[in-house]
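One structure is given here, and the rest of the page talks about it.
Only the coordinates and a few stated rules stand behind these numbers; no lab work does. Only a predicted model underlies this, so the values are computations on that prediction, with no experimental measurement involved. Quick reminder, even Gly has a Cβ in these numbers, built from the backbone with ideal geometry, and neighbours come from all protein chains shown.
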Amino acid sequence: MITGSPRTLKEFHRKLDDWVEMNALSGEGTLEFAICRADGGGLIGDISLRITNVEAGQAEIGFSLHPGRQGKGYALEAASAFLEFGFGALKLHRIFGRCDARNAGSWKLMERLGMRREAHFREHALFKGEWDEEYYYAILNREWQARTGEQPPQELKTALNGWETGPL
């Protein structure tokens, strides 16, 4: 999970340029998408899946939403689609996420996704002059499949058309 401050418009434009240059997901790396409202309401956040270990089939999911758009189900919908994509098309074994322990919205979302809290790191890093604490959550492929048994949403299949997918 993203634990830092929201990106400035300039930082986001630089990141968007990086995303446009991506043309395949193979090996370790990050797949990032914008989260937009289906009604054309514009950009409201971003979501990523970072392959951290190809051999072990491990990836980290991360997301951030505009504060005014939180609590409306957008992150749940996007994260569910990314978990299904990671476990389905990419055949990952385990997907984990992390967040600041004070970020109840993020850890409650991970729990709604069926992820379990695996760790609570206390005072593990200085952030803006204060010790922060982090929660780590994870879910295994077999746990996700038992929970959902669904295929990736058509919108994600369409968005990923042309990307290399399959076993890493």
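3J(HN,Hα) couplings calculated from phi for region 100-108 with the Karplus curve 6.51 cos²θ - 1.76 cosθ + 1.60 (θ = phi - 60°) are, in sequence order, 4, 4, 7, 8, 4, x, 5, 6, 5 Hz; Gly and Pro show x. Whole-Hz Karplus values for region 44-53 come out as 10, x, 8, 9, 9, 10, 9, 6, 9, 7 Hz, taken residue by residue from phi with 6.51 cos²θ - 1.76 cosθ + 1.60 and θ = phi - 60°; glycine and proline positions read x. Exposure proxy ranking for Phe121, Phe33, based on other Cβ atoms within 10 angstrom of each Cβ and starting from the fewest, stands as Phe121, Phe33.
Under 5 Å from the amide H of Leu90 lie the amide H atoms of Gly166, each residue being 5 or more positions distant or on a separate chain, with H modelled from the backbone and absent for Pro and chain starts. Taking amide H atoms as placed 1.01 Å from N in the peptide plane, the amide H of Ala101 lies under 5 Å from those of Glu133, Glu134, Tyr135, each 5 or more residues away in sequence or on another chain.
Whole-Hz Karplus values for region 62-79 come out as x, 8, 8, 10, 4, x, x, 10, 6, x, 10, x, 5, 5, 4, 5, 5, 5 Hz, taken residue by residue from phi with 6.51 cos²θ - 1.76 cosθ + 1.60 and θ = phi - 60°; glycine and proline positions read x. Amide H to amide H, with H built 1.01 Å from N, Asn53 comes under 5 Å of Gln58, counting only residues 5 or more places away or on other chains.
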